[in-house]
């Protein structure tokens, strides 16, 4: 009889703990935060593109573009570019990153931004 | 007694866990709602940002096309504006990316000087006095991947290409008139380049100086024909050599020719 009681209590507690883990609100909260981060970052990149202009993005050398984007970076957001393999800087691992890719003929320019503090 | 305690403990555990699970479920529901809202916000952001980018790249493509057309031929001075306007009116572009489609239509502008907020196309956004003025109609439509956000917008913008077309046409026509007047107004000793050439060279030099002061380049081509009376066929050519368009520097060339019967003798 005691064995039966222990078994029932065990099943209930295991089920309860499993449900607590499965219904963990942290996962959707993390996803929501990431979605909003990506949306904000994409807005930042688009804003930078509107300020710089497509012509300059197409014509600037990778070094000049990196310097220009560096002037847009601040303590919150970091901007970077990848121009045909030349990269101004890489985001920290796991960080939410927004990217916009432009193809100017054979030249492909990818502008990126991420939050400076990382994920 | 022991059994009753065990049942009590089990019931208490069920109550505690149920409360925890209900609380957790409530938090989960709220978090899931926040995730849905964030997805909607992300979709909206993706649509609007994509719209800006493809609107800009499509517009740049249209300006590129117009630059190629203008730089690849020599225009007749009297018809240059009309030719360029006619070609401009044929330029359209459609692009799609990430659920957004943009349709753009370029047309000749009204000639008024207006600023424009389509800054993604700078330095070609807005009108610029004396340069080729363009109007750009932009129509966006789109739907997010989750079909929860739709996007529809129409805008009109002013653009320009830095080609001093009206000034070039005016200079070209006035130089043809001046060369024609010179040839018609003088009596030359012989129907020969050695007699006709020097006054033309003087005028050519004056016109080159005037063109240079306007940021233009000018030259005169002429040919003396004495097979049937004395005729001089000439062409005035005006160029803008340093125009900078979306595809880099380019040249624009206008020319106009005329054949004039020259008086000889005296």
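The values are calculated or read from the model by the stated rules, or taken from the named source; none is laboratory data. It should be emphasised that the depicted structure is a prediction, and the values quoted were computed from it without experimental measurement. FYI the Cβ positions are ideal-geometry reconstructions off the backbone, even for glycines, and counts take in every protein chain you see.
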**Prompt:** Is there a residue being closer than 30 Å to residue A:103 by Cβ, part of a helix (DSSP H, G or I) and either free of Cβ contacts under 8 Å to residues at least 24 places away in the same chain or assigned by TED's automatic domain parsing to the domain that holds residue B:140 (or both) anywhere in segment B:70-83?
**Reply:** yes
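Could you identify the single residue in A:19, A:36 that is without any contact (Cβ under 8 Å) to a residue 40 or more places away in the chain, closer than 25 Å to residue B:43 by Cα and within 11 Å of another protein chain (Cβ to nearest Cβ)?
Working: A:19 fails: closer than 25 Å to residue B:43 by Cα.
The match here is A:36.
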**Item:** Within segment A:39-61, considering residues that are more than 7 Å from every other protein chain (Cβ to nearest Cβ) and assigned to a loop (DSSP other than H, G, I, E, B), the one farthest from residue B:52 (Cα to Cα)
**Value:** A:61
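For (1) within 14 Å of residue B:159 (Cα to Cα); (2) crowded, with 16+ Cβ neighbours inside 10 Å; (3) in the same structural domain as residue B:239 (by TED's automatic domain parsing); (4) at pLDDT 90 or above, each residue gets a yes or a no:
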position: B:50; (1), (2), (3), (4): no, yes, no, yes
position: B:59; (1), (2), (3), (4): yes, yes, no, yes
position: B:102; (1), (2), (3), (4): no, yes, no, yes
position: B:117; (1), (2), (3), (4): yes, no, no, no
position: B:125; (1), (2), (3), (4): yes, yes, no, yes
**Matching residues, segment B:169-220, being surrounded by 13 or more Cβ atoms within 10 Å (Cβ to Cβ), assigned to a loop (DSSP other than H, G, I, E, B) and touching a helix residue (DSSP H, G or I) at 6+ places or on another chain (Cβ under 8 Å)** = B:186, B:214, B:216
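Residue A:102: surrounded by 13 or more Cβ atoms within 10 Å (Cβ to Cβ), touching a helix residue (DSSP H, G or I) at 6+ places or on another chain (Cβ under 7 Å), farther than 30 Å from residue B:32 by Cα and more than 9 Å from chain B (Cβ to nearest Cβ), yes or no? It would help to see each step written out before you state the result.
On the way: surrounded by 13 or more Cβ atoms within 10 Å (Cβ to Cβ): yes; touching a helix residue (DSSP H, G or I) at 6+ places or on another chain (Cβ under 7 Å): yes; farther than 30 Å from residue B:32 by Cα: yes; more than 9 Å from chain B (Cβ to nearest Cβ): no.
So residue A:102 fails the test.
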**Request:** Kindly check whether there is at least one residue in segment A:2-14 that is over 24 Å from residue B:20 (Cβ atoms), within 8 Å of another protein chain (Cβ to nearest Cβ) and in a helix (DSSP H, G or I).
**Result:** yes
**Message:** Can you list residue pairs whose Cβ atoms sit under 7 Å apart, with the first residue in segment B:188-205 being under 21 Å from residue B:227 (Cα atoms) and the second being in a loop (DSSP other than H, G, I, E, B)? Count only pairs 6 or more apart in sequence or on different chains.
**Reply:** B:188/B:262; B:189/B:266; B:191/B:226; B:191/B:230; B:191/B:262; B:195/B:189; B:196/B:262
**Residue in segment A:38-46 that is closer than 27 Å to residue B:18 by Cα and in contact with a helix residue (DSSP H, G or I) (Cβ under 8 Å, 6 or more places away or on another chain) present** = no
